[in-house]
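Please treat every number below as a calculation from the coordinates, not as lab data. Everything quoted here is computed from the prediction, not taken from an experiment. Note that each Cβ is placed from the backbone with ideal geometry, even for glycine, and that neighbours are counted across all protein chains shown.
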């Protein structure tokens, strides 16, 4: 579903042709056209990919992955090398199921790949990036001191801010805060930076991969 927003931005904002976008993203022109007229995810793909040929070799593969997770990163075998090892053990299937199994195993275990350094750019083009986060403040409502949640938006180029307070951090309030912020700014930035909010990100996968919330993606596509 994430590619819908990319297609809509490139065609409706940047003026790229449907053919150029289809070539670059390696998708068909009908798929690109459909993305320009819908905000929701097509449901023709399978949510679960079966691994029938892996069968009895799953236990061996999982054992290897578990043992190698304790080794230094350079000593761990890639999915390709694990596939070759299974072939030696008698596996007759293709590489695809092995690759999917390794990816899903790493996602279940959580990332063992520690990020040792991070570099954040200090210069941003106009309209390119906005940062979003929550803060917890105390305020008096009806004569009672209560904790309120404040949504903060900051444009990284101009440093212009927008804040709005809510009683909680529910998804409805996250979406409402975005609508109000973009109305205040007079437009939407090309991207918004989040700190893995649960109302935005459903699942943190390996590396930079994320499974975003479907309702949030619908707002982003719009």
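What to note about this one:
- Extension reserve of the residue 67-residue 211 stretch, reckoned as 0.36 nm per residue once the Cα distance is removed: 49.1 nm
- Distance-filtered residues of segment 121-146 - backbone nitrogen under 15 Å, label point 7 angstrom along residue 165 Cα→Cβ: 135-146
- Peptide packing for 140-150, 82-92 was compared via the average number of neighbouring C-beta atoms within 10 Å per residue; ordered from the highest value, the list is 82-92, 140-150.
- Efficiency of FRET from Cβ geometry, residue 176 and residue 31, R₀ 35 Å, rounded to 0.05: 0.65
- 218, 37, 170 arranged by Cβ crowding within 10 Å, fewest neighbours leading: 37, 170, 218
- Counting only alpha carbon atoms, the long axis of helix 95-109 and the longest principal axis of the chain meet at about 50°.
- Helix 57-68 and the longest principal axis of the Cα set of the chain meet at an angle near 70°.
- Between helix 79-88 and the chain: long-axis angle, C-alpha atoms, 0 to 90°, nearest 10: 20
- Calculated FRET efficiency for the pair residue 6/residue 157, C-beta based, R₀ 25 Å, to 0.05: 0.70
- Averaging the sequence gap over all C-alpha pairs within less than 8 Å and six or more residues apart, then dividing by the number of residues, gives the chain a relative contact order of 18 percent.
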